1. Can you pull out the residues in segment B:337-349 that are surrounded by 24 or more Cβ atoms within 10 Å (Cβ to Cβ) and either more than 8 Å from every other protein chain (Cβ to nearest Cβ) or farther than 15 Å from residue A:7 by Cα (or both)?
2. List the helices (runs of 4 or more DSSP H) inside segment A:403-493, counting only whole elements, that have at least 2 residues being closer than 26 Å to residue A:376 by Cα.
3. Is it the case that some residue within segment A:106-120 is without any contact (Cβ under 8 Å) to a residue 24 or more places away in the chain, assigned to a helix (DSSP H, G or I) and either out of contact with any strand residue (DSSP E or B) (no Cβ under 7 Å at 6 or more places or on another chain) or within 29 Å of residue A:202 (Cα to Cα) (or both)?
4. Regarding segment A:45-59, can at least one residue be identified that is touching a strand residue (DSSP E or B) at 6+ places or on another chain (Cβ under 9 Å), assigned to a strand (DSSP E or B), surrounded by 14 or more Cβ atoms within 10 Å (Cβ to Cβ) and at the interface with chain B (Cβ under 8 Å from one of its Cβ atoms)?
5. Here are the criteria: (1) more than 9 Å from every other protein chain (Cβ to nearest Cβ); (2) in a helix (DSSP H, G or I); (3) surrounded by fewer than 23 Cβ atoms within 10 Å (Cβ to Cβ). Tell me which single one residue B:331 does not satisfy.
6. Determine whether segment B:354-376 contains at least one residue that is in a helix (DSSP H, G or I) and over 30 Å from residue B:251 (Cα atoms).
7. Restricting segment B:283-308 to residues that are at pLDDT 80 or above and out of contact with any helix residue (DSSP H, G or I) (no Cβ under 6 Å at 6 or more places or on another chain), which is surrounded by the fewest Cβ atoms within 10 Å (Cβ to Cβ)?
8. Can you report the number of residues in segment B:19-43 which are more than 14 Å from chain A (Cβ to nearest Cβ) and touching a helix residue (DSSP H, G or I) at 6+ places or on another chain (Cβ under 6 Å)?
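The values are calculated or read from the model by the stated rules, or taken from the named source; none is laboratory data. The structure displayed is predicted, hence computed values, not measured ones. Note: ideal-geometry Cβ built from the backbone for every residue, glycine included; neighbour counts use all protein chains shown.
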């Protein structure tokens, strides 16, 4: 034996001896004790679900709330007769055999864990099931919590049971297969804030409920951290009014935003759907209803892009002014109902013609010919670059998932699509009035017009105002808001604003009806031809000013007709409502009691009388136990 | 190909026995019975396919002519280093970048790195006329790169295995033991500083050993004072730590302090092994395997299934197999006369031995959970393949000994 093998032998002998002694102690000496522990299966960890944050409007009125729900759980190692169980569940909960087997199979290596097999069960159904629970020891009812969405909308989104792909993807973030995850909308976008962190508790009690103190552990408890609640910039009153103001039978979108902050006050997409439908099993009929041709699930504010038509004209005008091709007073080709270019005749919407116009008049009357003529002097690449700089190409970055970006072609795209010999000028003529390949989403348009109102300062549109609960974060603490300046000199901006003012206020304006006592109105109509149907899309984008800029509105209606006739009247109603209720809408509301923390009461300057202090002291412990539940 | 007089049939037989036992345990670990319906996950036959590949690899290694085998070591090591760098950019699985996923099969480059690093180190420290310092320098130099890449994956346990194999290789390469003791002494001082009795015993042992090794008084004094200083300053550093930092360290060494986190698996594994009692619950009879281990019981916690179903008798049998297996390896270390092969064999022995001890120790609560699989038994392609190939290298050395020198 060499020296090395002697050393290795000694080391190995020591290590094996340690293992043998330890195993002897564990299995031979304490074997009976561990057998008992194993048989009674008393040492387990139970997850304590954190309470998901709720969602409120800007005056702390609820939009999404938690409500208790009755959930049915299954412990698969207690199953005695799978067939009988499956018949029972099929009868009461319409869970078919295959689905149940699949569920049991999937979690078959966690047979001690409870699987949630049905959530949010009706009270009556719960009662009828409970009568039979004696025969099915594997089933347990537990009180959980589910979401209640107070009105149909597209921004809140909804939560759902976590599915297998999501579980695989996020399992490291401590998701449970019995848990929920935000599927769309704010519920998904702010999942991390809303969710909180689940707690844990060690269960190690005997049949009489005594703690066994195994392994020297008396109790193990990790308190769940509840999710943060969201306070939105949405104003429920205004949202409600806008939803009513939008004609019932039409498809489209309506967005109202606060010009100075970029916060969205109202966010409508029609037709809409009730997110509560997703809180229960969806029947095939409801599913068909949700997928009907009008696509109620489609969020037309951000998930779809459309030809903007004439609401795009301020962009074309802006580039002409920026490049000094025209100034405020330059008149271009006289409009006689259209514009001859080569062998093609491009029509103006007004067949009688507008005559010769300058930029303000061209915007006011929405004269196409002015922009046709201007477009011939604009290089396509610069045009696209200008569209990008105006924030109409990239996503706005609104705090919702799956936003779509806009589209504007360049020469390369044309060559790829139509072949290398394509003439671009004819296409440019179409692009100049927001037709052709130009596509924008209603939210992009809203942000653009809000920026014009706000002295050219573009602010990322957003729905979140702040969080309340465990920590109080403002929107910019959660996510830095993107800001930039629209490519306007201050005199050019004034020119465009004057044009938009005349649209609503000059006798020749296309939206003369949009006037509101007590405020100055600005806007632009659009009637966009499109591939979806013969009738044009109706657009109105605009804003109002009192002593300072107030709100920007975008009204968009699919295949509804002319922007002046269809969209502008809706905008006027909303403006009227806003000015009529301006004090109520702008009033600030004190933070409700349930969101206040100890620091808030210290910070308050007003002297409190003893009664309220006592009241609070009494309240506090109660509030805390509520949280623990 | 096989030289009947020299080939170590016993080692091969023990290897096959361990792999088969592994498949049987994996079958049980992935089987569950719900209301009389038995269902099994496909891990066990995947493991059998891995085993067939691995034994194909054994044949290939035995068949490859020695010169070609020797030439391939360096390129294999370099390629493996690249794989270790690339894996850092692979998507993380439970927080660590350890696996590539290629066509549904996961590959763990740190498994192959053990074998290739050992072979390369053996090559470079076995050249004639190297001073002890050079041996230490080359050995640490080569091991440092894969160890660093594996530490940042992060996978502390695996890089510890590298260090232990390196020490064994130094011993086999006749580097005086006091050098190794020198190198390890600061780490031992840190551990010994837990209790004053530990400090006293350790320091007296160190000084005694160094005196016996006939070192100069200067070296002994420096080592003694240096280590005494480390031992004495540790408690102060400890006091300087924040509570949660202290807790984190204590929990690493005693996971049961955190029963809701790291301790849960170990407590469950202990219950499983302990409840196996003397004779066990019988094959497929285990109940604790369904207690939702993470990582799952067919990989790192496979021993808990064996302990539960085969009891103390079964555990002893498995330990006996392992003991005989490692006995053959130690025997090989003594038999091999070419220094490079002897050193490589020592490295492979230490790698498999330390993994086995750490893994079983973890299953019975002796050692902190470090995510180290049990060689030949735990489910996992990379682990099975490269542990088996390592043994193949020893089989090859034994088979071809005596041809040179």
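1. Step one: of segment B:337-349, the residues surrounded by 24 or more Cβ atoms within 10 Å (Cβ to Cβ) are B:341-349.
Result: B:341, B:343, B:344, B:345, B:347, B:348.
2. Details: elements: A:411-418, A:425-432, A:442-453, A:475-478.
Answer list for segment A:403-493: A:411-418, A:425-432, A:442-453.
3. Taking every residue of segment A:106-120 in turn, none turns out to be without any contact (Cβ under 8 Å) to a residue 24 or more places away in the chain, assigned to a helix (DSSP H, G or I) and either out of contact with any strand residue (DSSP E or B) (no Cβ under 7 Å at 6 or more places or on another chain) or within 29 Å of residue A:202 (Cα to Cα) (or both).
4. yes
5. (1)
6. Filtering segment B:354-376 for residues in a helix (DSSP H, G or I) gives B:354-363.
Filter again for over 30 Å from residue B:251 (Cα atoms), leaving none.
No, there is no match, as no residue in segment B:354-376 is in a helix (DSSP H, G or I) and over 30 Å from residue B:251 (Cα atoms).
7. B:299
8. From segment B:19-43, those more than 14 Å from chain A (Cβ to nearest Cβ) are B:19-25; that's our starting set.
Filter once more, so that each one left must be touching a helix residue (DSSP H, G or I) at 6+ places or on another chain (Cβ under 6 Å): B:19, B:23, B:25.
Counting residues in segment B:19-43 that are more than 14 Å from chain A (Cβ to nearest Cβ) and touching a helix residue (DSSP H, G or I) at 6+ places or on another chain (Cβ under 6 Å) gives 3.
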